[in-house]
Amino acid sequence: MARYATARYSVKEAREAVWARRVALFCVQLMILTVLLHRFASLTTPAAMNLMAVSIGGLFLTIGIALFAIVRIWFGGQTGAAQAVAAIFIACLGLAAPLYFLSNAVTLPWMYDVQTSPDDPLDFKVLNTMRPADANPIVEPDEAAIDLQDEGYPDIGPMALERSATEVFSLVHEAVERLGWTIVVNEAPGETGAGRIEATDRTLVMGFTDDVVVQVKGDDAQAIIDVRSVSRYGMTDLGANAARIRKLFEEVTAALEKGEKTVLEQAEPKKDDAATKKGAANKKVSKKKGGGKKRSTNRPAPQPQLSPD
């Protein structure tokens with residue numbers, strides 16, 4: 001009886017695929033930990049930005065290693081394709097949110113200072129002393145910066161309202177509180193009709209701190225709202241400052257749409273009230289005219305009495 005010997009070949013596993021999955025998991029965990037430490041702990045913004053850059057770079061490197069492992073597995077016959085695919089999947093999940101925000105860097109202008117009146121920029125009185133030493137400088141925009149903002153954010157401009165400056169300042173103050181900004185300076189309009197609010201706001205995901213100044217100027221009949229929003233770190237704000245100004249104006253507009261009337265509308269007499277008063281006056285006159293007439297009764301007229309003759 002013939003005996004057959006079977007040869008066994010040892011199949012090696014592509015170690016690149018295993019390490020790609022491990023690095024992908026590490027980078028995603030580092031990214032999540034960086035966000036939590038920066039938003040809820042004392043991790044500084046520069047350190048958080050550096051850690052995020054390392055995490056994003058590591059995820060891109062992971063994808064490259066995983067693709068190299070797949071090619072090697074295809075031609076060499078090693079195992080580990082599942083590990084390589086898992087690494088690519090984890091890396092794509094980790095890069096989804098950063099790439100979404102970084103896509104704005106391609107379509108939006110590279111600037112960290114956005115204001116409604118760049119020709120007449122607002123100044124910070126208190127927050128400029130509270131900004132860290134390594135933060136972006138607050139400077140007056142030059143013509144190039146003004147043209148860049150006009151091209152990138154053509155809808156950003158002052159908001160004019162037919163309200164008194166005092167009333168508009170109250171609306172702006174309530175809108176700032178609803179948005180959750182931290183108010184540092186709150187100066188109501190005085191004799192000059194100019195009010196000021198300086199506040200800080202943090203971005204939703206990373207919690208980056210930005211500085212905002214709002215000015216309300218005008219008189220008893222109309223007012224103008226000017227806003228300036230400046231990021232403390234980063235060469236570009238990825239559209240955060242412009243979105244913040246739009247959100248403030250939307251909150252003010254929403255408050256105005258609750259049925260409040262302008263100063264001119266409040267000064268005009270109500271047509272319905274005038275007509276009502278006129279009708280009531282006519283009714284009183286008609287009653288007075290009808291007061292002199294005799295009232296008719298249903299009693300029968302008295303019959304003459306006949307004598308007995």
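The values are calculated or read from the model by the stated rules, or taken from the named source; none is laboratory data. The structure displayed is predicted, hence computed values, not measured ones. When we count neighbours, we look across all protein chains shown, and the Cβ atoms used for this are built from the backbone with ideal geometry, even at glycine. Note: accessible area is taken over every heavy atom of the protein model, side chains too, but ligands, DNA and RNA are not part of it. Shrake-Rupley method; radii C 1.70, N 1.55, O 1.52, S 1.80 Å.
Observations, loosely collected:
- Residue check for Ser164: buried (at least 17 other Cβ atoms within 10 Å of the Cβ) and without any contact (Cβ under 8 Å) to a residue 12 or more places away in the chain: no
- All conditions in (1) open to solvent by 50 Å² or more (accessible area, probe 1.4 Å); (2) at pLDDT below 65 hold for Gly279, with the sole exception of (1).
- Qualifying residue in region 108-128 (condition: under 15 Å from Leu148 (Cβ atoms), in contact (Cβ under 8 Å) with a residue 12 or more places away in the chain and open to solvent by 50 Å² or more (accessible area, probe 1.4 Å)): yes
- Residue match in region 74-97 (condition: surrounded by 12 or more Cβ atoms within 10 Å (Cβ to Cβ), under 23 Å from the mean Cα position of the chain (by Cα) and either β-branched (Val, Ile, Thr) or not in a loop (DSSP other than H, G, I, E, B) (or both)): yes
- Segments classed as strands (runs of 3 or more DSSP E), wholly inside region 185-234, with at least 1 members that are modelled with pLDDT under 90 and out of contact with any Gly (no Cβ under 6 Å at 6 or more places or on another chain): 194-202
- Per the listing Phe26, Phe101, Phe68, Phe40, the residue uniquely under 29 Å from the mean Cα position of the chain (by Cα), of a type in the set (Phe, Trp, Tyr) and surrounded by 12 or more Cβ atoms within 10 Å (Cβ to Cβ) is Phe101.
Conditions (1) open to solvent by 30 Å² or more (accessible area, probe 1.4 Å); (2) under 30 Å from Trp110 (Cα atoms), marked per residue:
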site: Leu171; (1), (2): no, no
site: Gly180; (1), (2): yes, yes
site: Ile197; (1), (2): no, yes
site: Leu204; (1), (2): yes, yes
site: Ile224; (1), (2): yes, yes
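- Of residues in region 161-196 being under 16 Å from Asn241 (Cα atoms) and not small (Gly, Ala, Ser), the one nearest to the chain's Cα centre (by Cα): Leu179
- Single residue of region 167-185 satisfying the filter (in contact with an Asp or Glu (Cβ under 8 Å, 6 or more places away or on another chain) and without any contact (Cβ under 8 Å) to a residue 24 or more places away in the chain) that is nearest to Val216 (Cα to Cα): Ile183
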